[in-house]
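The values are calculated or read from the model by the stated rules, or taken from the named source; none is laboratory data. What you see is a predicted model; the values in this text were computed from it and never measured. Heads up, the Cβs are rebuilt from the backbone with ideal geometry, glycines too, and the neighbour counts pull from every protein chain shown. Just so you know, the surface numbers come from the protein's heavy atoms only, side chains and all, with ligands and any DNA or RNA stripped out. Shrake-Rupley method; radii C 1.70, N 1.55, O 1.52, S 1.80 Å.
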Amino acid sequence: HLSDQEVAERACHIELERLKSPIGKQDQYAAAFGGFNVLEFATDGEVHVRPLALAPATVAALERRLHLYFTGVQREANKILRAQSDNARERSTATSMLDLLDFATATERALVTGDLDDVGRLLRVGWEKKRGLASGISTDRIDEWIAHALANGALGAKLTGAGGGGYLLAMAAQGEEERLRHAMQEVGLKPLDYRFDWSGARVLMNSERRAWVPA
């Protein structure tokens with residue numbers, strides 16, 4: 001029986017401190033809390049979670065216009081993230097990472113105001129910044145998929161996670177959802193059905209066994 005904060009903290013301890021993975025903390029907190037949140041990372045290592053209240057119409061439009069496709073490309077995320085961390089010492093990479101922080105703030109504002117067209121544009125520009133953080137984040141094939149999405153109704157598109165493969169996320173322009181879906185299927189990317197999760201991490205089954213001692 002742990003709080004969402006405790007679940008996230010333990011997950012971070014396992015991955016960052018015990019397994020020495022070169023990753024951040026956003027995925028663990030997103031999974032533990034669920035819903036839409038703003039994550040603020042303090043210099044002392046603390047993570048503050050601020051729930052983001054969105055209008056029901058905005059959430060419904062996001063689920064309709066945000067498309068998720070599996071690329072079929074698997075990669076070793078830690079290799080990409082380690083290279084990204086090493087490159088952070090360079091001025092150009094550090095500047096790009098600071099720019100991504102600004103994009104996060106702008107995206108929060110766009111979501112709260114329900115400006116999903118702006119969310120799509122930020123998705124596009126943010127990906128251009130991210131793909132330059134390390135080699136392996138994108139490939140010629142991935143660039144072709146994203147260019148195809150942008151030419152067929154998407155306002156923005158990016159790879160989720162570390163990059164290099166995995167899942168492609170695209171924001172369709174209003175009214176272009178079906179066009180985008182069919183266009184991506186033509187290049188072999190099948191759209192995945194998904195829904196936003198609001199509950200976060202939960203115990204599905206408690207397998208704890210108790211010993212019964214005869215009286």
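Between Tyr167 and Ala31, the C-beta separation translates, for a Förster distance of 22 Å, into a calculated FRET efficiency of about 0.90. The Cβ shell under 13 Å around Leu122 holds other residues with a net charge of -1, Lys and Arg each +1, Asp and Glu each -1. Here's the list of aspartates and glutamates a cross-link from Lys25 could span, going by alpha-carbon distance under 14 Å and ignoring same-chain residues fewer than 8 apart: Asp4, Glu6, Glu9, Glu15, Glu17, Glu40, Asp44, Glu46.
Look at where the Cα atoms of the range 106-133 and of the range 37-56 average out, and the two centres are 17 Å apart.
Per residue, the accessible area of the range 112-159 comes to 46 Å², computed with a 1.4 Å probe over protein heavy atoms only.
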